Amino acid sequence: MTLSKSITARLGGDKLIWLIIILLTAVSLIAVYSSTGTIAYKDRGGNTEYYLFKHGVIVFLGLLITIVLYRVHYLKFSKIAPFLWLLSIPLLIFTVFFGAEVNDARRWITLPIINLTFQTSDFGKLALIIYLARTISAKQEYISDFKSAFVPIIVPIILTCGLIAPADLSSALLLFLTCFIMMFIGRVHYKFLLLLLAGGMVAFAFLILLSAFFPDFIRQETWISRIQEFVMNSDGGYQIQQSKIAIAKGGFFGLGPGNSIQRNFLPSPYSDFIYSIICEEFGLIGAFLIVAIYLGLFLRTVSLVTKSPKAFGAMLAMGLSVSLVLQALTNMAVSVHLVPVTGLTLPMVSMGGTSLIFTSMSFGIILSVSRYIEKLN
Amino acid sequence: MNIKNEVLYRVYGVTVLFLIYGFLILGKVVKISFVEGDYWVSKSDSLYLKYEKIDAQRGNILASDGSFLATSLPYYDIRFDLNAAGLTKEIFDLHVDSLAYRLVEHVDNRYTVGGMKEMLVRERNKGQKYLLIKRNVTHEELELYKTFPIFRRGQFKGGFIYEKKAIRGKPYGMLAHRTVGYVRKDAKPVGLEGYFNDVLSGEEGKRLVQRVSNKEYMPVSDLADIQPHKGKDVKTTLDVNIQDAAQSALMRGMLKHNAQSGSAIVMDVKTGAIKAIANLGVKKDGDLWEKYNYAIGTRIEPGSVFKLASVMALFEEGYSTDTPVFIGKGKHEFYDQLMIDSGKESFLYDSLSLRKAFEISSNVGIASTISKHFGEPGSSSWRTKNAKFIAYLEQFGLDLPTNIEIEGEAVPYIKDPLDVKDEWSGTTLPWMSIGYETLFTPLQMLNFYNTVANDGKMMKPYLVSEIQEDGEWVQSFKPVVVKKKIASKETIAKAKKLLAGVVESGTANALMTKKYDFAAKTGTAQLDYSKKAERLKHRATFVGFFPVENPIYSCIVTITDPKKLGIYGGEVAGPIFREIADNCYATNVDLKKNVADFRKPIIKNDKLPVNSKGKLEDYERLNEFLDFKIEKEYKSDDWVYLKSSQDTLLLKGQDIVSNIIPNVKGMGLRDAIHVLENMGLKVIVRGTGKVYRQSIKPGTKARRQRITLNLG
C-alpha cells in the first residue's frame, strides 16, 4: 500500500474537502512566498524566506488543528457551544476598549503569558456560529414562535455583531449576513427576517450617530471614505487601481509564479489583495481555479447536508461553510472592485496567524460532521 | 412539505446565490483583464510609480572632545495633499479658515487670510495633491507646522507631507577644513569625509513615489518604505583648541611673510594621534584658505631638518657628539659642485664638533662627514658604500608612508645608488645628507622627529580614534607601533641632546623662552634651484617637540615661499611653532604644571579679583598659581568672598542655603546663574562683567521668581 493510500484510508471524512484543504494550502504557500517579497526585503534585509517559513509553521499548525478537531465527535461542539459564546463576549468587550491599535483599528489583544496577539473577532465569529447552529436546530419544532425561538436566536447575534462592528464593520456585516442565511435555512419566519433587516438598518444608523461622539472607537471616517470612493470613483482608489492593473497584467496565462510586479505597489499583497497577485501570476486560469475551489467547498457541504440525519450537524457544517465561502468571495469581490474596500482576508490563503488558525478549526469541524455522516451511511 | 425538504430547498436557493456571486467575480476578472485590459496596462504606465532613494542621515565628524567638526542638519520640504483620502469636505470646510490664518501668520504673509483660503480652496478643487507650502524648513518649524489645523491630522487624514533632506554643515568653518574634507558630486572625495565615506553615509532607504507633475513625485504611502539607516559618527583625534591655535598662528605667520602656502601639524608623541593639522594656501582673490592638504599630499625636499637623519646615521656608526668635523670656513667643493653654508658663523671655523656643526646647521660640516664616512665618489665601490647610508634611512623608517586615513598621501622618495634609473651621481650623497635629493611630506618628516621624541619607537600617525553610533562606541582604533626601535638608545639620546642644543645655542636660539623648554631643528630649503629663476624661492621649516624631558607633543611648521621679512626656518616657521607650543601649554593640564614652575607673573593691585565671589576651588587654584598671602576665614564652604584687608587678602566663606536668595554681588555670571537657577529662579541678565546689583534682596525666600542681575 502506498503512503498516500494509507493516509486516505485512515483519514475518513469527505475526501474532496481534504483535497480542497491541500490545494488551498499549496496555493497559499506559493502566493505568500511571492507576495511577501517586498516586505521581506524591507523588514528582513532581503531574507525572502523569512515570511514563507513563518507562514509555513502556522499552516502546519493549522493542519494539526484540523486533524485534531476532525477526530472530535461534532456533537461535543453542541455541548460546549454556550460556554464558548459566553467566553467570547468579555473578550470582545475587552478588545473594544483595551485592544492593541493596529492601522487605526482596535482588533487585537495580546494573550498574557504566551504573548501571542490574536484577533478576537475570529473567535467570536466561530463561537457564535456554533452556538447558533445549536439554538436553531434545537428550536425547529416551534421555530416560528417569537418569544421562545426568535429572541434566543437573535440576542446573541446582535451582541456579538454589535461588539465587532466598531473596529471591524465589514467582518460584523459579513457575520450578520452569515447568521441571516443560517436563520433563513433554519426556517425562521420570514416576518422576523424582514423585521431584522429593518432593525439592522436602524442599528447601523444608530452606530453612525454614536460615532460622532466616540470617534476613537468607531471608524466612521474610514467607512464613509471607502463607500464614497466606491460610488463616486469608477476607477477606484489607489489600491483598487493597482489591483486592477495586476489583474489586467495577468491576462489569460499570467506572468508565472514569482513574477508579480504589482506586489511592489499593492498594500498588503499577502493578505487583503492576495487574489490580485494570484490573478497576475496565474492569469484567468488561476482566478477561475480559486473561485472554483471555494464554490466546490460550498457544493460539497450542501451535499453533506442532504445526507445529514441530524439538524445540528447540517446547520453547523452549513453555517461554517457559508461563513468561509462568503468571506472568500467577498475578499475576491474587493479585488475586482465589485464591493467597497474592506479588510477581509482570503481564508486559508492569506498570510495571517489568527485567521488561518480559526479557518483550520472551521475545516476540522466540517470534516468531523462529514466523518459521522459517512459512518451512518 | 416536511422540515427536511424545506431546509434543503432553502439550501439550494442559497447555493444558487453563491454561484451567481462567484460568476460575477469571474465575470469582473474577465472584464478587467480582457475588455479593459489595455486601459489598465496603459494606466500602470501613466500612474508612473517608481522607487526613489531616501538618503540616510550622514554621520558626524567629531573632534576629540566630541564637538562637531562636520554634521548634517536636517531640513524639510513641506507639502499639502489637498485631496488626501481622509480629508473630507466637511473637515476641510470646517478648518480651512484657521489653517489659512496660521499659514499667513507663520509661512507667507504676502497673502491675506482670505486670499490664502481662496488659494487653498481653488487648489483643492483643481485636484491638487502636492501643493508646496515651504522649502527648507528647520526641524523646529516642522514641529510648529504639525500643530496647524488639518495638518495635525497627518498625511492620510490631513494631507500633511514633509520630506526630509540634509545639509552638511561645518560649525567651525575653515578649521581643519581640508582634513575633515568633503564628498561632492563629480569631484574626488577629500579628507576624512572621503576616507570614511562608507561609515558616514549609512544605508539609503527606498520609498515608492508617484508622478504628480512632469518633474515632481510624491510619496504614495509609507507602506513600502525601506527606512534608511543613519550613518555612524567618526571621532577624530583633533583637538579643537590646538587646531584653532595652529590655524591662527599659521595664518598670522603667512600674512606677515606674504607666503604662498603653509602647513602645521601637532602630534601626540606617545600615541601618534594627530592633535591638529592646518593647511593654508593663497586663493585667487588673495585670501588664505584651507585649499589643499599640503601636510599630507605634497612631498618636498626637507632641507636642513633632514640633517637629523644624517647625524643619527653617524652616531649609529660610532660617532660621538664631540667628534671634530670639517667645516672649511663654510665652503667646500664636492665632486664638481661648490657647497656654501648659509650661516655666517661657519665662516670663522675650519673645524667644529659634530654637535656644534649640527646646532649651527653647517651644510659643509654634515655633508663632508657623511661623504667621508659613506664613500666619496671615485673611491672603490663607492656606490655600495653610499647604499649603506640609504639602509640607515630605511632603518629609521623614512622610506615608509604614514598610511594616514586620508586619500592621496605622497610616498617618500629616496634615491637608490644601485639603480640606474635614479641617476645617482657623485654629488647625490652630500646633498642628500643636507636635505636635498629626497622627498617627504611634512607629516612624514614630523613622524621621524616624533619617533626620536618617543625614544625610538615609531608610531603610526592617525586621525580617527573611534567610530560611534548614537554616541555609543562601535569600533576604536588603538595606537599602532610601526617600528619598536629605529636606532640604539645612545643614538636617540645623542639626537635629543643635539636638538635641545639647537634651541639653547643654535639656529633656534632666538626662540628660546624661560616658560618652557623644547627641542627642534630649523630648515631652509631652496626651491627650483635647478632652474634659472629670477628670484630664488625658499621653504622654511621648523620641527621639534616639547618638553625636552618626556615630550608630549611634536610639531612641524612648513612655510613655502615667504616673500618678506625673512626666509629662514628659524625666523619664519619658528615663531609659528612657538605660538602653537605656547597655546598647548596654556590648555594642556599635563603641560601646565611646568608653567607654574616657570612663570610668576606680577599682578597689579587693581587687577586682583578683590570683592569678588565664587567657588572656593576656583580661588584655591588661582592661589596655587599666584602664591599670595591670603588669610582664610572659611571652613568647608563651597562659596567664598575675596576681600582686601590692609596689605593681605582675606578669603571669607559664604553660606548659601538652598531656598533663600543669596547675595550674588561680586559673582561672575556663570556662578550667579548656577546658584540662582538651581533654586528655580529665572535669571534675566543685563550687561557684562560681575554682578553689581540684584533685583531681589538677599534673604528673600526663593519662589521661582524672576530676578534681574546688573553686570558691570
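The values are calculated or read from the model by the stated rules, or taken from the named source; none is laboratory data. Since the model is a prediction, treat every value here as computed from it, not as a measurement. Positions of Cβ are generated from backbone atoms using ideal geometry, with glycine treated the same way; all protein chains shown enter the neighbour counts. All accessible areas refer to the heavy atoms of the entire protein, side chains included, with ligands and DNA or RNA removed. Shrake-Rupley method; radii C 1.70, N 1.55, O 1.52, S 1.80 Å.
So what is the relative contact order of the stretch B:52-236, in percent, for Cα pairs below 8 Å that sit 6 or more residues apart?
Averaging sequence separation for qualifying contacts and normalising by length gives 36 percent for the stretch B:52-236.
Going by average Cβ neighbours within 10 Å, how do the peptides B:353-362, B:661-670, B:107-116 rank, with the highest at the top?
The peptides rank, most packed first, as B:353-362, B:661-670, B:107-116.
What nm distance separates the two modelled labels at A:ASN264 and B:ASN403, each placed 7 Å from Cα along Cα→Cβ?
4.3
Please state the charge dipole magnitude for chain B, taken about the Cα centre, from unit charges on C-beta atoms (+1 on K and R, -1 on D and E), reported in debye and rounded to the nearest 20.
Dipole about the Cα centre, nearest 20: 1980 debye.
Can I get the semi-axes of the protein assembly as shown's equivalent ellipsoid? Compute them from the C-alpha gyration tensor as square roots of 5 times the eigenvalues, in angstrom, largest first.
86, 39, 27
Ordered by packing density, taken as the mean number of other Cβ atoms within 10 Å over each peptide's residues, highest first, how do A:279-290, A:78-89 rank?
Put in order of decreasing packing, that is A:279-290, A:78-89.
Take the residue pairs B:LYS307/B:LYS388; B:LYS291/B:LYS521; B:LYS270/B:LYS457 and return only those whose Cα atoms are more than 18 Å apart.
With Cα atoms farther than 18 Å apart: B:LYS291/B:LYS521.
Nearest 500 deg cm²/dmol is fine: what mean residue ellipticity at 222 nm does the protein assembly as shown get from its DSSP H runs of n ≥ 4 alone, each adding -39,500 (n - 2.57), divided by its residue count?
For the protein assembly as shown, the value works out to -15000 deg cm²/dmol.
For a bin width of 20 Å, list the pair-distance distribution of chain B built from all Cα-Cα distances, rounded to whole %.
Pairs per bin, as whole percents: 14, 30, 28, 18, 7, 2, 0, 0.
Taking every residue in A:244-254, how many Cβ atoms of other protein chains lie within 10 Å of its Cβ, on average?
Mean shielding by partner chains, rounded to a whole number: 6.
State, as an integer percentage, the relative contact order of chain B based on alpha-carbon contacts under 8 Å between residues 6 or more apart.
10
If I take R0 = 30 Å and measure r between the Cβ atoms of B:ASP638 and B:ARG706 in this structure, what FRET efficiency does the formula 1/(1 + (r/R0)^6) give, to the nearest 0.05?
0.75
Taking the simple approach of a point 7 Å from Cα along Cα-to-Cβ for both B:GLU333 and A:PHE53, what is their distance in nm?
Roughly 8.6 nm, to one decimal.
List, in order, the whole-Hz ³J(HN,Hα) value for each residue of the stretch B:22-29 obtained from phi through the Karplus relation with A = 6.51, B = -1.76, C = 1.60 and θ = phi - 60°; use x for Gly and Pro.
Each residue of the stretch B:22-29 in turn: x, 5, 4, 4, 4, x, 5, 4 Hz.
By how many nm would the segment from B:THR323 to B:ALA510 lengthen if fully extended, with 0.36 nm per residue of separation less the alpha-carbon distance?
64.7 nm
So for each of A:56-65, B:174-183 I average, over its residues, the number of other beta carbons within 10 Å; can you give me the resulting order with the highest mean first?
B:174-183, A:56-65
Using only the alpha carbons of the stretch B:285-400, determine the length spanned along each of the three principal axes and report them from longest to shortest in whole angstroms.
Taking the Cα atoms of the stretch B:285-400, the three principal extents are 52, 34, 29 Å.
Below 8 Å between Cα atoms, with a sequence gap of 6+, how large is the relative contact order for the stretch B:245-590 in percent?
23
Please list, in chain and number order, the residues 5+ apart from B:GLY435 or on another chain whose amide H is under 5 Å from its amide H, with Hs placed from the backbone.
The answer is none.
Going 7 Å from the Cα of A:ILE227 in the Cα-to-Cβ direction, what parts of the stretch A:324-353 have a backbone nitrogen less than 14 Å from that spot?
A:340-342
Name the residues whose placed amide hydrogens come within less than 5 Å of the amide hydrogen of B:TYR217, ignoring near sequence neighbours (fewer than 5 apart) on the same chain.
Excluding prolines and chain starts, which carry no amide H, the hits are B:VAL212.
Roughly what percent of Cα-Cα pairs across the stretch B:245-590 reach past 25 Å?
Result: 50 percent of Cα pairs exceed 25 Å.
Read phi for every residue in the stretch B:262-279 and hand back ³J(HN,Hα) as whole Hz from Karplus 6.51 cos²θ - 1.76 cosθ + 1.60, θ = phi - 60°, with x for Gly and Pro.
These are the phi-based 3J(HN,Hα) values: x, 8, 9, 10, 10, 10, 7, 4, 5, 10, x, 5, 8, 8, 7, 8, 10, 9 Hz.
Quick one: Karplus J couplings for the stretch B:402-413, per residue in order, coefficients 6.51, -1.76, 1.60, θ = phi - 60°, nearest Hz, x for Gly and Pro?
Listing the rounded values in order: 7, 6, 4, 7, 9, 5, x, 5, 7, 8, x, 10 Hz.
On full extension of the chain, what length is gained from B:VAL121 through B:ARG621, given 0.36 nm per residue of separation minus the C-alpha to C-alpha distance?
Length difference between fully extended and current span is 173.1 nm.
Return the value, in Å² to the nearest 100, of accessible area buried between chains B and A (probe 1.4 Å, both sides summed).
By this definition, chains B and A bury close to 4400 Å².
Using a 7 Å offset from the Cα along the Cα-to-Cβ direction at both B:VAL657 and A:LEU61, what is the distance between the two label points in nm, to one decimal?
6.7
Partner chain Cβ atoms within 10 Å, averaged over the residues of B:7-13 - can you pull that number for me?
6
Long-range amide H contacts for B:TYR553: which residues qualify at under 5 Å (H placed 1.01 Å from N, peptide plane, sequence gap of 5 or more or a different chain)?
Close amide H contacts, sequence-distant or interchain: B:VAL269, B:PHE546.
Place +1 on the Cβ of every Lys and Arg and -1 on the Cβ of every Asp and Glu in the stretch B:479-536, take the dipole about the Cα centre, and give the residue among B:ILE492, B:MET512, B:LEU536 whose Cα lies farthest towards its positive end.
Farthest along the dipole direction, towards plus: B:ILE492.
At a Förster radius of 30 Å, what calculated FRET efficiency corresponds to the Cβ-Cβ distance of B:GLN475 and B:GLU394, to the nearest 0.05?
About 0.40, to the nearest 0.05.
Take every residue in peptide B:79-88, count the Cβ atoms of other chains within 10 Å of its Cβ, and give the average of those counts.
Whole-number average of other-chain Cβ neighbours for B:79-88 is 2.
Can you list, largest first and rounded to whole Å, the semi-axes you get for the stretch B:145-217 by taking the square root of 5 times each eigenvalue of its Cα gyration tensor?
36, 17, 12
Note the full-extension length gain between B:GLU52 and B:HIS106 as 0.36 nm times their separation in residues minus their Cα-Cα distance, in nm to one decimal.
Working it through step by step, the gained length comes to 16.4 nm.
If every alpha-carbon in the stretch B:355-451 counts as one equal scatterer, what log10 I(q)/I(0) does Debye give at q = 0.18, 0.25 1/Å?
Reported log10 I(q)/I(0), two decimals: -0.90, -1.37.
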